[in-house]
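The values are calculated or read from the model by the stated rules, or taken from the named source; none is laboratory data. Bear in mind that the values here come from a model prediction, so they are computed numbers and not experimental data. Reconstructed Cβ throughout: ideal geometry from the backbone, glycine too, with neighbour counts over all protein chains shown.
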Amino acid sequence: MPAFPSTRMRRVRQADWSRRLAREHALSSDDLIWALVISDSGKAREAVPSMPGVDRLSPAEAAKAAVQARDLGIPALALFPHIDPAKKDAGGSECLNAAGLVPETVRAIKAAAPEVGVIVDVALDPFTDHGHDGLLEDGVILNDETLDLLVKQALLLVDAGADVIAPSEMMDGRIGAIRDALEDSGHTDTLLLSYAAKYASAFYGPYRDAIGTATALQGDKRTYQMDYAGSVEEALREVELDLEEGADMVMVKPGMPYLDIVAAVRAEFGVPTFAFQVSGEYAMIAAAAQNGWLDRDRAIIESLTAFKRAGASGVITYFAPEAAKLLAQ
Ligand code: PBG
């Protein structure tokens, strides 16, 4: 490339029309999955203090949100439950309650807006009194015993009408176990969105507050979630295994600090690849905006567009309705 002054990179940037012409990446409402926090408290809405602008919703409010999602062109919702602490136990038994919060909310959403995709997490942490994603014995997570429970949880959620099962607990072998059970029970069209490369991260802090596991969590999740200082190849192996076991789509989580992983996964496999703009990323933008330190609207759209540039097919985000409204302006 000839050097300055025959090359002046700013020529293309000089006007709105030339910037628009040269632009490569666009965010649309089709790229958004709305992360929705739901609660069995009986109240319609409760604010989440560490996530200003996010409320925990009752099933009826979640159904209204689904209608809103449909009207805004948001393809899908992902549900995260806040369970009454009195219902929690060491085995997470509430996750198998067919009349529990998540199945009830799935049914309410499907009745109100059947054309909106419903994604549900499969993991035990909202339901266990120790806050871990798997069964715990003497401080050790029991991988294989947990799988049986995850399979039952997944089948129960599919029966409630969930379109996408999203295992988020990082147990080995869970995608294969759930896929086999789905095939055996005739649910051949259920989608599996695997949290394939999920890191043990400080950025989940506000989420654990939102779903009420922050104070309960004993220890940390580093024996199952990935080490953020690990290799990109480790992430690729995780994704490859999940695809071999039957995942249709994969996710990288957290999002913005892990765009290198998103780009590598996308380049290697070319499968639908999602990123999760997690609670801590939400909180950082929301808190800085509240202080007048950055422009909330611009930070939302810039951060979400960066995921697209990195190669993400879409983004799970608590900003989804706000972003869709901004994009429609
Ligand atoms: C765990 C789970 C986590 C999130 C969703 N499912 C985090 C964790 O505690 O490991 C995080 C979501 C967020 O931070 O927004 N099953």
Can you name every residue in segment 67-90 that is more than 16 Å from the ligand (Cβ to nearest atom) and either in contact with a Leu (Cβ under 8 Å, 6 or more places away or on another chain) or among the acidic types (D, E) (or both)? A69, D71, I74, P75, D84, D89, A90
Scanning for something modelled with pLDDT of 95 or more, part of a loop (DSSP other than H, G, I, E, B), within 16 Å of the ligand (Cβ to nearest atom) and over 22 Å from D180 (Cβ atoms), does segment 102-120 turn up at least one residue? no
Checking A287, A275, A312, A283 in turn, the sole residue that is more than 18 Å from W34 (Cβ to Cβ) and either more than 14 Å from the chain's Cα centre (by Cα) or not in a helix (DSSP H, G or I) (or both) turns out to be A287
Could you please find all residues in segment 211-235 being closer than 23 Å to V164 by Cβ and either free of Cβ contacts under 8 Å to residues at least 12 places away in the same chain or not in a loop (DSSP other than H, G, I, E, B) (or both)? M226, A235
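For (1) crowded, with 18+ Cβ neighbours inside 10 Å; (2) modelled with pLDDT under 95, each residue gets a yes or a no:
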residue: A216; (1), (2): no, yes
residue: E238; (1), (2): yes, no
residue: G280; (1), (2): yes, no
residue: A283; (1), (2): yes, no
residue: R298; (1), (2): no, no
Checking the structure you have, find out if any residue of segment 51-66 is polar (S, T, N, Q) and either surrounded by fewer than 19 Cβ atoms within 10 Å (Cβ to Cβ) or part of a strand (DSSP E or B) (or both). no
Could you list, in sequence order, the residues of segment 252-278 that are more than 15 Å from Y195 (Cα to Cα), within 15 Å of the ligand (Cβ to nearest atom) and either modelled with pLDDT under 95 or not hydrophobic (A, V, I, L, M, F, W, C) (or both)? P257
Collect the residues in segment 160-197 that are in a loop (DSSP other than H, G, I, E, B), touching a Lys or Arg at 6+ places or on another chain (Cβ under 8 Å) and on the phi < 0 side of the Ramachandran plot, keeping them in residue-number order. S168
Identify the residue in segment 10-41 that is in a loop (DSSP other than H, G, I, E, B) and closer than 17 Å to Q329 by Cβ and, among all such residues, is farthest from the ligand (Cβ to nearest atom). A26
Test each condition in (1) more than 11 Å from the ligand (Cβ to nearest atom); (2) assigned to a helix (DSSP H, G or I); (3) of a type outside the set (S, T, Y) for R208 and report the one that comes out false. (1)
When you look at E169, is it among the acidic types (D, E), farther than 21 Å from V262 by Cβ and either out of contact with any His (no Cβ under 6 Å at 6 or more places or on another chain) or near the ligand (Cβ under 10 Å from one of its atoms) (or both), yes or no? no
Does segment 122-156 hold any residues that are small (G, A, S) and farther than 17 Å from K88 by Cβ, and which are they? G139, A154
When segment 185-196 is examined, which residues are found to be of a type in the set (G, A, S), crowded, with 17+ Cβ neighbours inside 10 Å and away from the ligand (no atom under 13 Å from the Cβ)? A196
